[in-house]
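Have a look at the structure below before the remarks.
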Amino acid sequence: MKQWAASLMAAGLLSAGLAGCGSAPTSVASSPPLVEAISQNPDNLTPALGALAVDNIPTSFMDMGLMYLTYKDTWAPGVATSWSVSNNGLDYTFNLNPNAKWSDGTPLTSADVVYTWHYMTNPKIQITYDTGWSFVKNVVAEGPHKVVFQLTQPYAPFYSTVGSGTIIPKHIFDKWTPNQINHGIYDKGTPVDDGPYILSKWVTDEQLTFAPNPHWFGPPVHIQKIIVQVVPNTDTQFNMLATGKLTMGGIPSADISEINTLHGYNIVNTLSPTYNLIQLDEDNFLKDVAVRRALDWATPKQQIVTDIMHGMAVVAHGDQVPGGYFYDPNVPHRSFNLQRAAQILAQDGFTKGTGGWLYKNGQELTVPIWTGATSHSETNIAEVVSQDWEKIGVYAPVHTAGWSIVFGNGTPQNPGPQVNGKDEAIIFSWGQGVFPDDTIDFNSKYVPASPLQPSPQENSERYINQQMDSLQLQGVTLSSRPARRQVYDQIQLLEQKTLPLIFLFWYKSDTAVSSHLKGYVQTTFGNSPVWDWSLN
Amino acid sequence: MTKYALQRVIEAIPLLFLVTLVTYFIMNLAPGGPLSMYLHNPHVTQSQIAVLAKQLGLNEPWYIRYFKWLWALLHGNWGYSYFSGQPVIQLIGQRLPNTLILMGSAFLVSLGLGIPLGIYSATHQYSTFDYTFSFLSFFAWAMPSFFFGLLLQMIFAVKLGWLPVAGMYSEFYPPSFLELLRHLVLPTMVLGLGSLAGWSRFMRSGILEVIRQDYIRTAKAKGLKQRTIILKHALKNALLPIVTIIGMDLPGFFGGAVITEEIFAWPGMGRLFLSALNDRDYPVQMAALLISAALLILGNLLADLAYGLLDPRIQYN
C-alpha cells in the first residue's frame, strides 16, 4: 500500500509548464550527477506492464504523454500543444507538436497515438494499468499531427487516465509479438521513448543511469546525468543521505528524530495524497449508519496524528486531498467524544450485557480490527482505536496478518476478514491520487456480489447509497470542472453524513533535498519538471 | 572417490525433485497469490486481474502448474517471472555471480580467521586473549545481522567515512576491483562474522579435545615443536567435526545473504529471492529454493569428501 502511495509522489516528477514545446535544442551544461534512491529494482519498464510503484520514477524521466499534471494541479502540454473536448463530451481532439520525436530520432506522429490504443486494448499483452481505455471506442488520426479519441460515453477522468498516459512508439513495438513484449524485450538495450532523458545503463538491482535525450523536443535539461540507485533498506537510504551520497531522498518516519544530523540538505515537508482509514465492512451492525457514526466519534484521530504519527500527518475528514481543487474545507467533522459515541449507541438500542460489552437483540457488538503485521504504526493505531472503542462497550480485538491475508480470500473454511460475512474493521492506507473520482471505492456496483465472492471488488465495505451512486455518475460525466467541484462537495458532505469508512489522516512526508539542487519544487501534486532542475 | 561423488550426485536428483514438489505445494498453500498485490490498487480493475490470471496460467490447479513448470525445467526452461516477464535464468544469471562473490569472501574470511583464531585460543587457554576472544565470539554470534549491518554502516561509513554505505561499486567511478573490495568489506563482515565466531569456537573445542589425546602426549615426549604438533598432528583430527559444520553452513551463507544484501544494497540472489517471496513470484521462488537445496546437498557432499582427505581410515567404497 505504501509502495503505491510512494508512486503517487513519484508520478508527478514531470510537472509544470512545457508551454510552447518548441524546437529548442537540448543544451547540457556540465554538472555533477543527480543521485536518488529507490527501494526496489523496477520490474518492468515496458509501457503499462509494470507492477511496482517504483517503475514510475524511471518512466517519469523517460516518458512524456500528450499532456501532464503540473505540481500546481493544472494540465500542461506534453506531446500535444493544444486539446479540446466536444460539447457532448464524447470526442477529445489533440494537436501534436510537429517537432516531437522519439529518442531514436523518428518523428512522433498521430500513428503512434492510434497504435497506443491498439496496444492498450490488446488482450494478448499483459497490461496491468488500463484505466479509462475501456471508454475509448476509436482513435482517429486526422493527418500526422492531429488525433481524435472517440468515447462510448462521456468520461471526465479522461485526461488523468488516457490523456496523460504513455504513448507507444509504433515503429518499435510493431515488429514484436505480444509474447516478446510480455517477456521484456523492450527493456533490453536502450528503450526508445519520448521524455527528456534516455536510459543509458541499467545494472539490475544496482542502478539506472539516465542521459539527456538528444532528440528531446521540450525545454533543454541542465543535468547531464541522473543516477537512480536501488537501495531497498530505508535506514541505508538515510545513511546515504547522511554521507551526502544522495541528492535527494525521503526520510523514513523512524529517522525523523535524526533529521538534524543531515548537513547540506533542505527538508521539504509536503502533504502526501494518501490517506489512512478504517474500512468498516457492513455485514451486520455496521450496516447501521448510527453505529458507524458512534465509532467515528470514538476514534481519537488527533491523538493518533500527534502520538503515533509524531505530527507527520493531518487529520482527514474525507477522501479529497486538502489543498486540491476538489477539496471542500467546509465539510463538518466529528471530534473525539466518547460520551457522544456511547449516547448514540444507547439511543440505537444497544445495552450493556455480559462482560460489559454492548448487545442488541441478544447479539454482541463485536468489531475486530485488522491491519498489516508489517506496519508498525498501523498496528499501534489499531491498538489505540481498540482501547477507545472498548471503552464504549464495543468488543474490538486487534488482529495483525500479512496484507495478502487481510485482503485475500483465505480458504472456504477460514475466509479472509473482507469476505467472511462478519462485521470487521480494517486499517490501511489508500491513495487514489489527487483526482476526485472515488467511484470504485463507494459506488454500489463495486460491492462484491456475495460475501464469499472469490475476487472482492474495491467497495469491500459494501457501502450502498443511491444518492452516492448518482453523484458519482455526474462526477465522471460532467465536463465542466466547476460543475464537477459542486458535485464532489456534495459527495464529501454525504461521506461525512453516511460514513462509508472512517477517514483517519493524510500522510505528510519529509524529503531531504540537497542545497545544491536548484529549481526543484515539490508539492502534494508532484514536482517541478526535471528540465527546471540544475545542480551547482 | 569420483565414483562415490557421482553416486551421491545421482542420488541427489530425486531428492531435489521431492524438494521442488513440497515447496511448490507449500507455496501454493500460502494465502494470497501472485496477483494479490493488485487487489487493492485502484488502477488495476478486477477484470484486468482476471485477464492476467488467465495469461499467467494462474487459474489452473497448483499440481498442473507444478508439472508444467517441472516439464519446462527438464527441458532447460526455468520459466518467466510473473512480474518482469523476463526469463528466470536471466534474472539469476545477473545476480548469482554477485552473491557468490559475497558468499565466497565471507566464507574465506570466516575460514581464514576462524580456524587460526580458534587454534590460538585453544593453545592459549585461559589467557587474556582466550577470555576476550570468547566474549567477543559469543557477542558476535548473538548479534542480529540487520542490526550489526546498520551499526557498521554508522561507524565506518557515516561517522568515519572510511567505507561506502552500500552498493557494489561507486556510482561516481567506473567499476574496478579496488572499488569492489571497498564495497565488499562491510557486507563480508556481517555475513561472515557469525560463522567466524562459531567456527572458531568449534575449532577451539576440537583442538582442546585432541591435544589431550595420548598420541599428542607422545609427540610432545618425542620433543616435537608445539607448532608441529598442532599443525601436523592435532589439526587434521580436530578439523573433522568442523568440516561437517562448515558443509552444513554453506547454504546458511546463501540464506544470510538475504538480509545482508538487503541492508547493503548488494545486487544478489538474496534480494531477488526476498522480492519474489513478497510478490509470490512462484517461478523465481522455485529457482531460488532449488539453488538453496542444491547448495545444501553440495555442502554435505563436500564435507563427506573432505573426511576422506583428512582421515585415511574413511573409505568411499
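Which whole number in µm²/s is D for the stretch A:365-442 by Stokes-Einstein, with the Kirkwood Rh taken over Cα pairs at 4 °C and 1.567 mPa s?
The calculation lands on 95 µm²/s.
Of the peptides A:526-533, A:312-319, B:10-17, how do they stack up when ordered by the mean number of other Cβ atoms within 10 Å, highest first?
Going from most to least packed, we get A:526-533, A:312-319, B:10-17.
Averaged over its residues, how many other protein chain Cβ atoms are within 10 Å of peptide B:255-266's Cβ atoms?
That works out to 3 on average.
Can you give the local net charge around B:THR23? Use residues other than it whose beta-carbon is closer than 14 angstrom to its beta-carbon, Lys and Arg +1, Asp and Glu -1.
Spelling it out: positives minus negatives among the neighbours equals +1.
Report, in listed order, any pair from A:LYS287/A:LYS391; A:LYS101/A:LYS245; A:LYS245/A:LYS301 with a Cα-Cα distance greater than 32 Å.
A:LYS101/A:LYS245; A:LYS245/A:LYS301
At what distance in nm do the modelled label points of B:GLU209 and A:ALA346 sit from each other, each positioned 7 Å from its Cα along Cα→Cβ?
Label at B:GLU209, label at A:ALA346, 7.4 nm between them.
Over the Cα atoms of the stretch A:90-235, what radius of gyration and what Dmax do you get, in Å?
16.9, 53
How far, in degrees from 0 to 90, does helix A:2-11 lean away from the longest principal axis of the Cα atoms of chain A, to the nearest 10?
Tilt of helix A:2-11: around 40 degrees.
Set the Förster distance to 41 Å, then compute FRET efficiency between A:TRP75 and B:ILE13 from the Cβ-Cβ distance, nearest 0.05.
Once the sixth-power term is evaluated, E becomes 0.10.
Across peptide A:435-441, what mean number of C-beta atoms from other chains lies inside 10 Å of a residue's C-beta?
Partner-chain Cβ atoms within 10 Å, mean over residues of A:435-441: 1.
For the stretch A:303-375, what is the convex hull volume of the alpha-carbon atoms per residue, in Å³?
Hull volume normalised by residue count: 174 Å³.
What residue among B:LEU108, B:LEU136, B:LEU186 has the largest mean-square fluctuation in a Gaussian network model of chain B, using Cα springs under 10 Å?
Ranking B:LEU108, B:LEU136, B:LEU186 by mean-square fluctuation puts B:LEU136 first.
Ranked highest first by the average count of other Cβ atoms within 10 Å around their residues, in what order do B:171-182, A:174-185 fall?
Result, highest mean Cβ count within 10 Å first: A:174-185, B:171-182.
Exceeding 20 Å between C-alpha atoms, which entries from my cross-link table qualify? They are B:LYS3/B:LYS236; A:LYS188/B:LYS68; A:LYS201/A:LYS225; A:LYS124/B:LYS54; A:LYS124/A:LYS146.
Violating the 20 Å Cα-Cα cut-off are B:LYS3/B:LYS236; A:LYS188/B:LYS68; A:LYS124/A:LYS146.
Below 8 Å, C-alpha to C-alpha, sequence gap of six or more: please give me the relative contact order for the stretch B:194-317 in percent.
This gives 26 percent for the stretch B:194-317.
Please identify the DSSP H helices in chain B that span no less than 30 Å along the helix axis (Cα) and have a mean Kyte-Doolittle hydropathy of 1.6 or more.
Qualifying helices: B:282-310.
Let me check against my output: what whole-number percent is the relative contact order of chain B, with C-alpha pairs under 8 Å and at least 6 apart?
RCO, chain B: 26 percent.
To the nearest 0.05, how large is the calculated FRET efficiency for B:PHE172 and B:LEU298 if R₀ is 41 Å and r is the Cβ-Cβ distance?
Working from the Cβ atoms, E equals 0.60.
Semi-axes of the protein assembly as shown's equivalent ellipsoid from the Cα gyration tensor, sqrt of 5 times each eigenvalue, largest first, rounded to whole Å?
52, 35, 27
Applying 1/(1 + (r/R0)^6) with R0 = 45 Å to the Cβ-Cβ distance of A:LYS124 and B:GLN125, what FRET efficiency is obtained, to the nearest 0.05?
0.05
Looking at the square roots a ≥ b ≥ c of the eigenvalues of the Cα gyration tensor of chain B, which shape do they give, rounded for a/c under 1.5, prolate if a/b is larger than b/c, or oblate?
oblate
Based on the inverse mean of 1/r over its pairs of different Cα atoms, what is the Kirkwood hydrodynamic radius of the stretch A:439-530, in Å?
16.3
Nearest 10 degrees, 0 to 90: what angle lies between the long axis of helix A:338-347 and the longest principal axis of chain A (Cα atoms)?
Helix A:338-347 and the main axis of chain A meet at about 60 degrees.
How crowded by other chains is B:152-163, given as the mean number of beta carbons from other chains within 10 Å of each beta carbon?
2
Rule-based calculations on the coordinates, nothing more; no lab input. Just so we're clear, the structure is a prediction, and the values are computed from it rather than from any experiment. Every residue, glycine as well, gets a Cβ built from its backbone with ideal geometry; the counts of neighbours run over all protein chains shown.
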